[in-house]
Amino acid sequence: MSSAGAAASGAASAGAESVDWAALRAVALEAMEKAYVPYSKFPVGVAAIVDDGRVISGCNVENASYGLTLCAECTLVSSLTMTGGGKLVAFTCVDGHGNTLMPCGRCRQLLFEHSAEGMVLDTVSGFKTIDEVIPDAFGPRTLVAYREESLAE
Ligand SMILES: [Zn+2]
């Protein structure tokens with residue numbers, strides 16, 4: 001938990017330079033060790049900082065039916081909700097060798113739903129904002145804007 005605390009410092013501001021990425025990556029590696037991957041043998045761990053400073057993590061959980069497999073981001077978002085909600089400000093994802101992984105398309109949408117504006121992701125091509133990894137995304141801010149437009153009519 002000490003590494004989690006270190007990762008949380010400076011969490012309120014979302015800039016990539018304010019995040020202790022090594023500490024956040026350590027939390028993701030710890031989560032990766034808990035992955036349930038009897039079929040693919042491809043463990044994944046993720047970790048994120050919430051806008052209140054909490055550090056949350058997740059691992060992938062496979063299923064014999066394959067199609068029901070949960071990506072690590074799924075368990076991370078469940079953990080976010082179960083531990084008080086909030087918005088994600090920083091995120092990292094690692095494989096079984098500790099290499100950086102890019103979230104799949106579905107998980108970019110999952111993360112977008114719970115992202116703070118300007119959320120930063122540690123990706124295979126450097127630090128990127130949530131809007132860079134899922135441009136023009138449909139999400140909760142879209143629905144808010146739609147409702148406001150509807151009320152104005
Ligand atoms: Zn995924």
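Things worth noting here:
- Number of positions in the stretch 107-132 that are under 12 Å from the mean Cα position of the chain (by Cα) and either among the acidic types (Asp, Glu) or in a loop (DSSP other than H, G, I, E, B) (or both): 3
- Check on Ala137, at pLDDT below 95, within 16 Å of the ligand (Cβ to nearest atom) and more than 21 Å from Glu33 (Cβ to Cβ): yes
- Among the residues of the stretch 24-64, just one is loosely packed, with under 15 Cβ neighbours inside 10 Å and under 22 Å from Glu117 (Cα atoms), namely Asp52.
- Scope the stretch 17-41; condition more than 18 Å from Thr123 (Cα to Cα) and part of a loop (DSSP other than H, G, I, E, B); matching residues: Glu33, Lys34, Ala35, Val37, Pro38, Tyr39, Ser40, Lys41
- Checklist (1) within 15 Å of the ligand (Cβ to nearest atom); (2) in contact (Cβ under 8 Å) with a residue 24 or more places away in the chain; (3) out of contact with any Gly (no Cβ under 9 Å at 6 or more places or on another chain) applied to Leu76, failing item: (3)
- Test: Gly126 is touching a residue at least 60 places away in the same chain (Cβ under 8 Å) and not aromatic (Phe, Trp, Tyr): no
- The listed residue being surrounded by fewer than 23 Cβ atoms within 10 Å (Cβ to Cβ), over 17 Å from Ser115 (Cβ atoms) and either of a type in the set (A, V, I, L, M) or out of contact with any helix residue (DSSP H, G or I) (no Cβ under 9 Å at 6 or more places or on another chain) (or both), out of Gly85, Gly67: Gly67
- Residues in the stretch 56-63 include none that are in a helix (DSSP H, G or I) and either farther than 19 Å from Arg141 by Cβ or modelled with pLDDT of 95 or more (or both).
- Scanning the stretch 64-73 for residues that are within 11 Å of the ligand (Cβ to nearest atom) and among the aliphatic types (A, V, I, L, M) yields Leu70, Ala72.
- Qualifying residue in the stretch 88-106 (condition: part of a helix (DSSP H, G or I), surrounded by fewer than 17 Cβ atoms within 10 Å (Cβ to Cβ) and within 16 Å of the ligand (Cβ to nearest atom)): yes
- Top-ranked residue in the stretch 107-123 [being more than 14 Å from the ligand (Cβ to nearest atom) and charged (D, E, K, R); ranked as farthest from Gly58 (Cα to Cα)]: Glu117
The values are calculated or read from the model by the stated rules, or taken from the named source; none is laboratory data. Since we're looking at a predicted model, the values are computed, not measured. Heads up, the Cβs are rebuilt from the backbone with ideal geometry, glycines too, and the neighbour counts pull from every protein chain shown.
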